[in-house]
Amino acid sequence: MTWTRWLLLIVVFFFVMIQSRLWMGSGGVRDILRIKKAVALQEQQNIQLEQRNRVLRAEVQDLKTGTGALEEHARLDLGMIRSNETFYMIPDTPTHSTEAEASAGAVASSPVQVLP
């Protein structure tokens, strides 16, 4: 072999080594693609958390300044009602499935009135 063939063989070897590190080595193309996917996922999570934080900030501000949110929480969480207010409870599912059961003496559900 002549010296030019040896030189060409050495250059090709170094080129292959450099390319393999570029594509498969640490900090190579594979790592960059993996990191880009992780960054995109984290950005989506950050957007969702920022939206949640905005809602929570608005709710905290409303609780600090207004009475509407306080009244809503008292009604929903504690089941409180105002005086001179009638509370009606409407079931989600029907109480009786057939008319025969209803006529057999079963009592249909009726609204409940809570008195102070």
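The values are calculated or read from the model by the stated rules, or taken from the named source; none is laboratory data. All of these numbers come straight from a predicted model, not from anything done at the bench. Reconstructed Cβ throughout: ideal geometry from the backbone, glycine too, with neighbour counts over all protein chains shown.
Among the residues that make up segment 92-113, is at least one of them at pLDDT 75 or above and surrounded by 10 or more Cβ atoms within 10 Å (Cβ to Cβ)? No, every residue in segment 92-113 fails to be at pLDDT 75 or above and surrounded by 10 or more Cβ atoms within 10 Å (Cβ to Cβ). Answer yes or no: is there a residue in segment 72-87 that is of a type in the set (Val, Ile, Thr), exposed (fewer than 10 other Cβ atoms within 10 Å of the Cβ), at pLDDT 55 or above and in a loop (DSSP other than H, G, I, E, B). The answer is no; no qualifying residue exists.
This table checks each residue for (1) at pLDDT 80 or above; (2) over 34 Å from the mean Cα position of the chain (by Cα); (3) of a type outside the set (Lys, Arg); (4) surrounded by 10 or more Cβ atoms within 10 Å (Cβ to Cβ).
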site: 1; (1), (2), (3), (4): no, yes, yes, no
site: 4; (1), (2), (3), (4): yes, yes, yes, no
site: 11; (1), (2), (3), (4): yes, yes, yes, yes
site: 21; (1), (2), (3), (4): no, yes, no, yes
site: 38; (1), (2), (3), (4): yes, no, yes, yes
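Residue-level analysis places residue 40 outside the set of residues that are assigned to a helix (DSSP H, G or I), in contact with a Leu (Cβ under 8 Å, 6 or more places away or on another chain) and either on the phi < 0 side of the Ramachandran plot or touching a residue at least 24 places away in the same chain (Cβ under 8 Å) (or both).
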